[in-house]
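Following: one structure in structure tokens, then a few remarks.
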Amino acid sequence: QVQLVESGGGLVQPGGSLRLSCAASGILFSISDMAWYRQAPGKERELVAGISSGGSTNYADSVKGRFTISRDNAKNTADLQMNSLKPEDTAVYYCNLRARITMTTAPNSYWGRGTQVTVSS
């Protein structure tokens, strides 16, 4: 029943900005961590930015100072503001969350469909 809806991907020139949004629905109990991952062709999927239920954040070294992750717990959304984009940021970006469907079950991991971000002149 858990669904993630992503938006905001597209084509942008180097130095430009994009804002990705992820909206989660169908959560029966609670959401713990939310994160954005990315995967470029021929490369491993990597964590770009994560945010805990308490608001603690972490970023990949390659995006520190340029990307900002945020969340709205009331709306069950997580955004990724991407500034000063570089060609090497080109990848498919995936929203991920860990959620409990009941109070007594362990959290499971859920993935969005992915959205393409292309940075090119």
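What the table shows:
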read-out: Scope segment 8-33; condition of a type in the set (A, V, I, L, M, F, W, C) and closer than 17 Å to N76 by Cα; matching residues; value: L20, C22, A23, A24, I27, L28, F29, I31
read-out: Filter result (at pLDDT 95 or above and either in a loop (DSSP other than H, G, I, E, B) or polar (S, T, N, Q) (or both)) within segment 8-29; value: G8, G9, Q13, P14, G15, G16, S17, S21
read-out: Qualifying positions in segment 1-17 - over 22 Å from N96 (Cβ atoms), of a type in the set (G, A, S) and open to solvent by less than 30 Å² (accessible area, probe 1.4 Å); value: G16
read-out: Checklist (1) closer than 13 Å to M34 by Cβ; (2) open to solvent by 60 Å² or more (accessible area, probe 1.4 Å); (3) of a type in the set (D, E, K, R) applied to E88, failing item; value: (1)
read-out: Whichever residue in segment 108-121 is in contact (Cβ under 8 Å) with a residue 40 or more places away in the chain and open to solvent by less than 60 Å² (accessible area, probe 1.4 Å) and, among such residues, is farthest from G26 (Cα to Cα); value: S120
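Listed here are the residues, each with its yes/no results for (1) assigned to a strand (DSSP E or B); (2) of a type in the set (D, E, K, R); (3) open to solvent by 50 Å² or more (accessible area, probe 1.4 Å); (4) modelled with pLDDT of 95 or more.
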| residue | (1), (2), (3), (4) |
| --- | --- |
| I31 | yes, no, no, no |
| R38 | yes, yes, no, yes |
| L47 | yes, no, yes, yes |
| V92 | yes, no, no, yes |
| M103 | no, no, yes, no |
| A106 | no, no, yes, no |
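The values are calculated or read from the model by the stated rules, or taken from the named source; none is laboratory data. None of the values given here were measured: they were computed from a predicted structure. Here Cβ is always computed from backbone atoms with ideal geometry, including for glycine, and neighbour counts include all displayed protein chains. Note: areas computed on protein heavy atoms with side chains; ligands, DNA, RNA excluded. Shrake-Rupley method; radii C 1.70, N 1.55, O 1.52, S 1.80 Å.
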